[in-house]
Each structure stands twice: as C-alpha cells, then as structure tokens.
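Data block below; observations after.
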Amino acid sequence: FAVLLLKQDIQSFQEQRHHQPKQEKHKCNAIGWFGGAVVADFIDVVIQFWLACGVFLQLIVPNHIHHFRLHQLAKAEEWSMICAVFSTVCAVLGEIQTTVSRQPDAEQPE
C-alpha cells in the first residue's frame with residue numbers, strides 16, 4: 001500500500017513541476033508539499049520492507065529475534081506511522097495549494 005502512495009505522490013510531484021509557471025518557481029507551493037510527501041512515503045516504504053523481513057524471519061525461525069530486536073521493530077512501526085501521517089498532511093496541503101492556485105482571482109467587492 002505504501003508503494004502505491006509513493007507512486008501517486010511522485011506522479012503529483014511531477015505534474016506540479018511540469019505545470020508550474022516559471023515566474024512562480026520562487027514561491028512555496030504545491031511542489032514542496034508533494035516533495036515532502038514523496039520523501040516521507042519513501043522512508044515509510046523502506047521501513048515497511050524492513051518490518052516485513054523481520055516478521056517473515058520470525059515466522060521461519062521462531063525465537064530468532066531477540067527481545068531487543070522486537071523493541072526496534074516496534075520503534076520502526078512508530079516511525080512508519082509518523083511518516084504516513086506526515087505524508088498525508090503534505091499531500092493534502094499540496095492538493096489544497098494546487099486548487100487555490102488554479103482558481104482565478106475573484107474581484108473583491110468595494
């Protein structure tokens with residue numbers, strides 16, 4: 001699942017980079033948000049792979065993972081959740097920024 005999220009965030013990042021006008025390159029915008037989502041998702045994918053290998057090894061060789069390693073796996077799962085939340089927030093903020101920047105400026109009533 002994390003790999004699918006990573007692919008989607010990379011696609012959104014590339015679309016924003018391609019469609020962004022050159023005069024707006026200096027502004028903090030959706031590209032930065034989607035870039036943050038890509039980095040967080042990549043870290044999450046690496047952690048999830050590491051966790052899956054640890055669980056698989058424990059299934060094949062029971063009692064192979066020492067108590068200390070189990071705490072490391074639990075800490076890794078915590079970091080994976082932090083990365084997932086951070087990625088979600090970045091992606092949502094990137095989508096909001098994209099929507100706001102595509103709307104034409106409405107005339108303000110005087």
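The values are calculated or read from the model by the stated rules, or taken from the named source; none is laboratory data. These numbers were taken from a predicted model, which means no experiment stands behind them. No Cβ is skipped: glycine too gets one built from the backbone with ideal geometry, and neighbour counts run over all protein chains shown. Ligands, DNA and RNA are excluded from the accessible area calculation, which covers all protein heavy atoms including side chains. Shrake-Rupley method; radii C 1.70, N 1.55, O 1.52, S 1.80 Å.
Restrict the check to region 84-105 and report whether at least one residue is modelled with pLDDT of 75 or more and open to solvent by 100 Å² or more (accessible area, probe 1.4 Å). Within region 84-105 (the criterion being modelled with pLDDT of 75 or more and open to solvent by 100 Å² or more (accessible area, probe 1.4 Å)), the answer is yes, since at least one residue qualifies.
This table checks each residue for (1) at pLDDT 80 or above; (2) surrounded by fewer than 15 Cβ atoms within 10 Å (Cβ to Cβ); (3) more than 24 Å from SER80 (Cβ to Cβ); (4) touching a Leu at 6+ places or on another chain (Cβ under 8 Å).
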site: ASP9; (1), (2), (3), (4): yes, no, no, no
site: HIS19; (1), (2), (3), (4): no, yes, yes, no
site: HIS26; (1), (2), (3), (4): no, yes, yes, no
site: TRP33; (1), (2), (3), (4): yes, no, no, yes
site: ILE43; (1), (2), (3), (4): yes, no, no, no
site: VAL46; (1), (2), (3), (4): yes, yes, no, no
site: LEU51; (1), (2), (3), (4): yes, no, no, yes
site: PHE56; (1), (2), (3), (4): yes, yes, no, no
site: ILE60; (1), (2), (3), (4): no, yes, no, no
